[in-house]
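Shown next, in structure tokens, is the structure this report addresses.
The values are calculated or read from the model by the stated rules, or taken from the named source; none is laboratory data. Here the structure is a predicted model, which means the values were calculated and not measured. Please note: Cβ atoms are built from the backbone with ideal geometry, for glycine as well, and neighbour counts cover all protein chains shown. Each accessible area value is taken on the protein alone, full model and side chains, heavy atoms only, with ligands, DNA and RNA left out. Shrake-Rupley method; radii C 1.70, N 1.55, O 1.52, S 1.80 Å.
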Amino acid sequence: LVLIMTVSMSVLLSGCGEKDKFVGSWVAEINIADAVNSQLAEIPQFGDYIKISDFNFRIDYTFNSDSTYTVSADNNDMDAITENLKTDFKNGIAKYFEAIIKAQGYEMTVDEFLSYSGTSLDEFMGKNFDENELTAEFNKIFDSFNTKGTFKAKDGILATVQENDTHTEEYYEFINDTEVKLTGLVDEESYELDGEELSVMDVIYPMTLKKK
């Protein structure tokens, strides 16, 4: 009986230390600029000229001792991302028209060139750069990170179950007590960005969580 109880307790306690190491608040810095640029490169005519300089945002993780967790993206980052993209898009479009002007042997500014079509660079951007649509797409990306549910951690695998019953398993490596690296999904998933399917592992992994 004692032997059976000892074995049972060993099974119950195995992995508890790993899960307990996750308990607390963590933050990860995500940069998907390269993934977005790879998609922008496919845009006809403008793809060679539009390059975004920054697409960084934070993800906050909280793991609780009762095995529940929450993950949320910092929406405050979205405003800065939108403004940066507007600038990067405008600079890219300007480079596109500058290339046309140079190819045709003209010596004039972009606005002078566009004035022959009765428009300006700002007006062109206003007609072709839908900020509301862009913000809606960003909201989709941010919302996809906002989850909560239950978790367990054992043998280098962090397993979460969201409230909608979505199961996810990620490989992890503790660097030290205040840093843990999520290195990839056990079962690779994908998502769509501008209609193109991208591997999640190519975009956000490896991802380092730092304890607050």
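Could you list all residues from the stretch 166-176 that are charged (D, E, K, R) and open to solvent by 100 Å² or more (accessible area, probe 1.4 Å)?
Once the filter is applied, which keeps residues that are charged (D, E, K, R) and open to solvent by 100 Å² or more (accessible area, probe 1.4 Å), the stretch 166-176 yields only Glu173.
If a residue counts only when it is touching a Cys at 6+ places or on another chain (Cβ under 8 Å), which strands (runs of 3 or more DSSP E) contained entirely in the stretch 20-74 have at least 3 such residues?
It comes to none.
Would you check which residues across the stretch 73-84 are touching a helix residue (DSSP H, G or I) at 6+ places or on another chain (Cβ under 7 Å) and not small (Gly, Ala, Ser) and list them?
Asn75, Met78, Ile81, Thr82
All but one of (1) closer than 30 Å to Leu209 by Cβ; (2) at pLDDT below 95 hold for Asp66, so report the exception by its number.
Unmet for Asp66, out of (1) closer than 30 Å to Leu209 by Cβ; (2) at pLDDT below 95: (2).
Taking only the stretch 65-86 into account, find how many residues are touching a residue at least 12 places away in the same chain (Cβ under 8 Å), over 18 Å from Ile30 (Cβ atoms) and open to solvent by 60 Å² or more (accessible area, probe 1.4 Å).
The number of residues fulfilling the criteria is 2.
Which of the residues belonging to the stretch 50-63 are closer than 21 Å to Thr208 by Cβ and either basic (Lys, Arg) or surrounded by fewer than 16 Cβ atoms within 10 Å (Cβ to Cβ) (or both)?
Listed by number, the residues that qualify are Asp54, Asn56, Arg58.
Has the stretch 39-49 got any residue that is among the aromatic types (Phe, Trp, Tyr), open to solvent by 60 Å² or more (accessible area, probe 1.4 Å) and in contact with a Lys or Arg (Cβ under 9 Å, 6 or more places away or on another chain)?
yes
Can you tell me which of (1) surrounded by fewer than 15 Cβ atoms within 10 Å (Cβ to Cβ); (2) at pLDDT 95 or above is the one Leu209 doesn't meet?
With (1) surrounded by fewer than 15 Cβ atoms within 10 Å (Cβ to Cβ); (2) at pLDDT 95 or above applied to Leu209, the lone miss is (1).
Would it be correct to say that Asn128 is closer than 30 Å to Ala28 by Cβ and among the polar types (S, T, N, Q)?
No, not satisfied.
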